[in-house]
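The values are calculated or read from the model by the stated rules, or taken from the named source; none is laboratory data. Just so it is clear, the structure is predicted and the values come from calculations on it, not from any experiment. Here the Cβ positions follow ideal geometry from the backbone for every residue, glycine too, while neighbour counts run over all protein chains shown.
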Amino acid sequence: MRCDVLVQTLTEGLSDGTLDAEQPLPEQTIAERLVRAAIRAYRLHPFNDVDAAVVADVAGLPLDAVSRAFPTWDALLLVTYDHWTAMRSSTRRRTPTCTVEHVRQMLAEDVADPGRVRVLAGVINMAGAGTSFADLFRKRYQDYVVGLTVGLQRDVDAGIESIVIAPERAATQLLAVYEGLQIQMLVRPHLDALTEFEHAVRALREGWRRRHVPAWDLGSVPAWDLGSVPTSPILPA
């Protein structure tokens, strides 16, 4: 089965609420059960601690059920991320009034339920691979950027936002703030991500209202004194 068909089929199957633990489990239902188990596992454990054995154990299934249901680990990751995202969208009680509020709402959900961010960190790693799952993930990501772009343009048309730069650039900047805070949540657990989002959005909106932002002239920037640049706490000196 092609990866896009697999993801779509499983996501739709997970959404229709047909899982019945009392009935014999066909392969499709086993896959659904494994995806739900993966969500539970990533809520409970750090990303690197979750493997096929953990997912199978949480699902109450034998280990070989994972490889039978999913051709690769990346397949399980992508389907899990897809379903987790769809599940959040279907359970929101309040419709956001604008695109920025929509992104803030997603960040608030990440703060309350950070497991999905751990899965995203793993899914992003597949984006550079030369596989069909990588192609599908890149397409999903681009579709999301397009959705933000359309949303911001709609907000401009409705008088909610004042944006004089291209909506695509505004969407890219908004997404950079959101995903940057997602990453920082993983390494700075005490960060108040929502407060930082509010500060960053105020700066973004100020920039969106400016008609001309001069580009950097890299030739006029003095060379750095590398000895004065702080070293990374992660990378070796």
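Details
So that you can scan it fast, the table gives a plain yes or no per residue for (1) modelled with pLDDT under 90; (2) over 25 Å from Q182 (Cα atoms):
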residue: M1; (1), (2): yes, yes
residue: V7; (1), (2): yes, no
residue: T11; (1), (2): yes, no
residue: T18; (1), (2): yes, yes
residue: Q23; (1), (2): yes, yes
residue: R33; (1), (2): no, yes
residue: L61; (1), (2): no, yes
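- Taking residues in the stretch 22-48 that are at positive phi, and partners anywhere that are hydrophobic (A, V, I, L, M, F, W, C) and at pLDDT 85 or above, not one pair has Cβ atoms closer than 8 Å while being at least 6 places apart or on different chains.
- The set of residues in the stretch 167-191 being exposed (fewer than 13 other Cβ atoms within 10 Å of the Cβ) and modelled with pLDDT of 95 or more consists of A176 alone.
- Considering T97, T85, the condition of being at negative phi, under 16 Å from the mean Cα position of the chain (by Cα) and of a type in the set (S, T, N, Q) is satisfied by T85 alone.
- Looking at R68, R88, R118, just one residue is part of a helix (DSSP H, G or I) and buried (at least 17 other Cβ atoms within 10 Å of the Cβ), and that residue is R118.
- Checklist (1) in a helix (DSSP H, G or I); (2) more than 16 Å from the chain's Cα centre (by Cα) applied to V123, failing item: (2)
- Just one residue in the set A75, A112 is surrounded by fewer than 17 Cβ atoms within 10 Å (Cβ to Cβ), of a type in the set (A, V, I, L, M, F, W, C) and within 16 Å of the chain's Cα centre (by Cα); that residue is A112.
- Subset of the stretch 42-95 [in contact with a Pro (Cβ under 9 Å, 6 or more places away or on another chain) and aliphatic (A, V, I, L, M)]: A56
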